[in-house]
Amino acid sequence: MAAYSVLDFGATGDNATNDAPAFQKAIDACTAAGGGTVTVPAGRTYVCGTFFLKDNVELHIERGAKVIASPDREHFDAAVRPSCMVCANGARNIAITGGGEINGRGPHYMGEKLPHIYRKKGWRPHTIVLIDCVNVTVRDVLIRQSAAWTLTLEGCEDVVIHGIRLVNDDLIPNDDGIDICNCRNVRVSDCYVKAGDDAIVIKAMPNRRGGEVKPCENVTVTGCVLESQSFALNIGCEAKATMRDMVFDNLIIRNSHRGAGIHLSHGCDVENVVFSNMVIETRLFHPAWWGRGEPIYVVAIPWTREDTIGAIRHVRFANILCRGENGVFVYGWTPDKIQDLAFDNVRVEVDKWTEFAGGQQDLRPYPGEDCTQNILVTHPTAGFYLKNATDVALRNCSVAWGPNRQEYFHHALEYDGVKGLVLEGFRSESAWPGKYAAVAGGGRKIGKRIESRRRRKRLSPSATRRTRQRRGKRG
């Protein structure tokens, strides 16, 4: 395979000169020759504005090389939306590989640094944006300090992201890690992603090129470690087309404001999604960041009063260990907006260890009567909180309360407006057994009677006949 060094096309790697034109010359020569590898040699720092990957080109950044975003806005292509450093538009068979570093120079584009967040100050570039590309590989690179979205895939098909390390400044707002938008057949594996905003987010946004809004489907994420000041693994935000057929497995989420789940805010559907084999740790942080420490979060609420809202259906959470400063949170605008939701073998431990206020529910964005979108509702914390949903099952789930129990810790399970709730083998007590029932719902406290009823329902037919005979009833 032919190799083209960016040094041979005029790159300096002097940490000052804009080397994007030299990168582009190397890429153009490579694709014109039928494809190959454009190498970025080790031991240098290459400052770059916008450059474009093209058909059959692998950009290989050697271990010890650094490609860093230019501090000068004039070095970025003004015609590209969104502004970015590494771009591809309609390319086929492209790759970004190697053990080197891509650095978005995020703090340079920020305003004042507060203890909990940077203030925005205007324009800032995304780091990598790949639009309508086919056969895409991103492997082994280190991506750091993005100023906005880091690795964006929009309308792409047949994508492999493997073994990358993506480490952003966790105080930069909107510095999402991996954004998968309107894509098909995407596999993300063995990555470490740490971001201020969503670590991995699945979307179905309007097409930037004016074409049809494609669904997002056939997505797997496996073997990753995620951290976020907001939502570690988020499906459904900015959604204008169906999102379906997704599996998220073997993940660790730690030190995040919100763990894994679905946040649907627009008029499309999310369906056929499995979350399995996870360890999730969530904590409270400053309310400037969305989230209130929920390890699992499934919400269908319209973004504004003008928005319609689709439905979430056929979703499974299985074999998950949660520890958080809040519990599992499920909230539908109406009961038909969340359908067929199951939790199997999910353990939730609720405790308190940060200084931030608890006992709140985060419904942002919320189309309130005063049109505000910043709604934090004071409400007692439950291990599982379910509101407005249809056909919800909890099987072999449990709730534990940590040593720092708060007065606002109440029921193990609280539900309201839930149709077709199934409880099998639910094990827990309330945070304060002498004060609250383990389970409360439908305007009445139920306590331990649910578990005993379920045990009787699981008796075999012959055992049921024997029981009836002992009671003097005919079988």
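The values are calculated or read from the model by the stated rules, or taken from the named source; none is laboratory data. Computed from a predicted model, the values in this text were never measured in an experiment. Because the Cβ atoms are built from the backbone with ideal geometry, glycine has one as well, and the counts that use them run over all protein chains shown.
Scan the range 220-231 for residues that are touching a strand residue (DSSP E or B) at 6+ places or on another chain (Cβ under 6 Å) and either assigned to a loop (DSSP other than H, G, I, E, B) or among the acidic types (D, E) (or both) and the total you get is 3. Per the listing G293, G324, G259, the residue uniquely touching a residue at least 24 places away in the same chain (Cβ under 8 Å), crowded, with 23+ Cβ neighbours inside 10 Å and at positive phi is G293. Would you call P71 in contact with a Ser or Thr (Cβ under 6 Å, 6 or more places away or on another chain), modelled with pLDDT of 95 or more and not polar (S, T, N, Q)? So P71 does not fit the description; no. Each residue in the range 31-48 was checked for being surrounded by fewer than 24 Cβ atoms within 10 Å (Cβ to Cβ) and either among the hydrophobic types (A, V, I, L, M, F, W, C) or within 12 Å of V67 (Cα to Cα) (or both), and 8 pass. Return a yes/no flag: does the range 282-300 have any residue that is among the acidic types (D, E), part of a loop (DSSP other than H, G, I, E, B) and under 26 Å from N404 (Cβ atoms). No, the range 282-300 contains no residue that is among the acidic types (D, E), part of a loop (DSSP other than H, G, I, E, B) and under 26 Å from N404 (Cβ atoms). Please specify each residue of the range 164-189 satisfying the condition of being crowded, with 24+ Cβ neighbours inside 10 Å and either polar (S, T, N, Q) or within 12 Å of Q145 (Cα to Cα) (or both). L166, N168, I172, D175, D176, G177, N182, listed by residue number.
Remark: R364 falls outside the filter, which requires a residue to be outside any loop (DSSP other than H, G, I, E, B) and under 18 Å from G261 (Cα atoms).
Residues are listed down the side, and each one gets a yes or a no for (1) touching a Lys or Arg at 6+ places or on another chain (Cβ under 7 Å); (2) part of a strand (DSSP E or B); (3) within 28 Å of V270 (Cα to Cα); (4) of a type outside the set (V, I, T):
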site: R323; (1), (2), (3), (4): no, yes, yes, yes
site: F356; (1), (2), (3), (4): no, no, no, yes
site: V377; (1), (2), (3), (4): no, yes, yes, no
site: D416; (1), (2), (3), (4): yes, yes, yes, yes
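Take the conditions at pLDDT below 95 and touching a strand residue (DSSP E or B) at 6+ places or on another chain (Cβ under 9 Å) and apply them to G443. Does it pass? So G443 fits the description; yes. Determine whether A241 is under 20 Å from G383 (Cβ atoms), touching a strand residue (DSSP E or B) at 6+ places or on another chain (Cβ under 6 Å), buried (at least 19 other Cβ atoms within 10 Å of the Cβ) and among the hydrophobic types (A, V, I, L, M, F, W, C). It is false that A241 is under 20 Å from G383 (Cβ atoms), touching a strand residue (DSSP E or B) at 6+ places or on another chain (Cβ under 6 Å), buried (at least 19 other Cβ atoms within 10 Å of the Cβ) and among the hydrophobic types (A, V, I, L, M, F, W, C).
When you scan the range 425-437, do you find a residue that is touching a Leu at 6+ places or on another chain (Cβ under 7 Å) and modelled with pLDDT under 95, even just one?
No.
Against the numbered list (1) at pLDDT below 95; (2) surrounded by 15 or more Cβ atoms within 10 Å (Cβ to Cβ); (3) of a type in the set (S, T, Y), S398 comes up short only at (1).
Taking into account only those residues within the range 365-392 that are crowded, with 17+ Cβ neighbours inside 10 Å and at pLDDT below 95, which is farthest from the chain's Cα centre (by Cα)?
The residue in question is P367.
Go through (1) at pLDDT below 95; (2) surrounded by 24 or more Cβ atoms within 10 Å (Cβ to Cβ); (3) not polar (S, T, N, Q) one by one and return the number of the condition A88 breaks. All conditions are met except number (1).
In the range 67-84 there is at least one residue that is assigned to a strand (DSSP E or B) and under 25 Å from the mean Cα position of the chain (by Cα).
Scanning the range 262-290 for residues that are surrounded by fewer than 24 Cβ atoms within 10 Å (Cβ to Cβ) and either β-branched (V, I, T) or touching a helix residue (DSSP H, G or I) at 6+ places or on another chain (Cβ under 9 Å) (or both) yields V274, V279. Would you say F329 is among the aromatic types (F, W, Y), farther than 17 Å from T378 by Cα, modelled with pLDDT of 95 or more and surrounded by 21 or more Cβ atoms within 10 Å (Cβ to Cβ)? Spelling it out, it is not the case that F329 is among the aromatic types (F, W, Y), farther than 17 Å from T378 by Cα, modelled with pLDDT of 95 or more and surrounded by 21 or more Cβ atoms within 10 Å (Cβ to Cβ). Taking the conditions exactly as written (within 24 Å of V219 (Cβ to Cβ), out of contact with any Gly (no Cβ under 9 Å at 6 or more places or on another chain), crowded, with 24+ Cβ neighbours inside 10 Å and not hydroxyl-bearing (S, T, Y)), does V299 satisfy them or not? Considered against the rule, which asks whether it is within 24 Å of V219 (Cβ to Cβ), out of contact with any Gly (no Cβ under 9 Å at 6 or more places or on another chain), crowded, with 24+ Cβ neighbours inside 10 Å and not hydroxyl-bearing (S, T, Y), V299 comes out as no.
The range 129-219 holds strands (runs of 3 or more DSSP E) entirely within its bounds, and those carrying 3 or more residues that are closer than 30 Å to R119 by Cα map to 142-144, 151-154, 165-167, 178-181, 192-195, 200-204. Selection within the range 117-143: residues that are of a type in the set (S, T, N, Q) and surrounded by fewer than 18 Cβ atoms within 10 Å (Cβ to Cβ). The member of this set that is nearest to I68 (Cα to Cα) is T137.
Only residues that are outside any loop (DSSP other than H, G, I, E, B), over 29 Å from the mean Cα position of the chain (by Cα) and charged (D, E, K, R) were counted across the range 32-66, and they come to 0.
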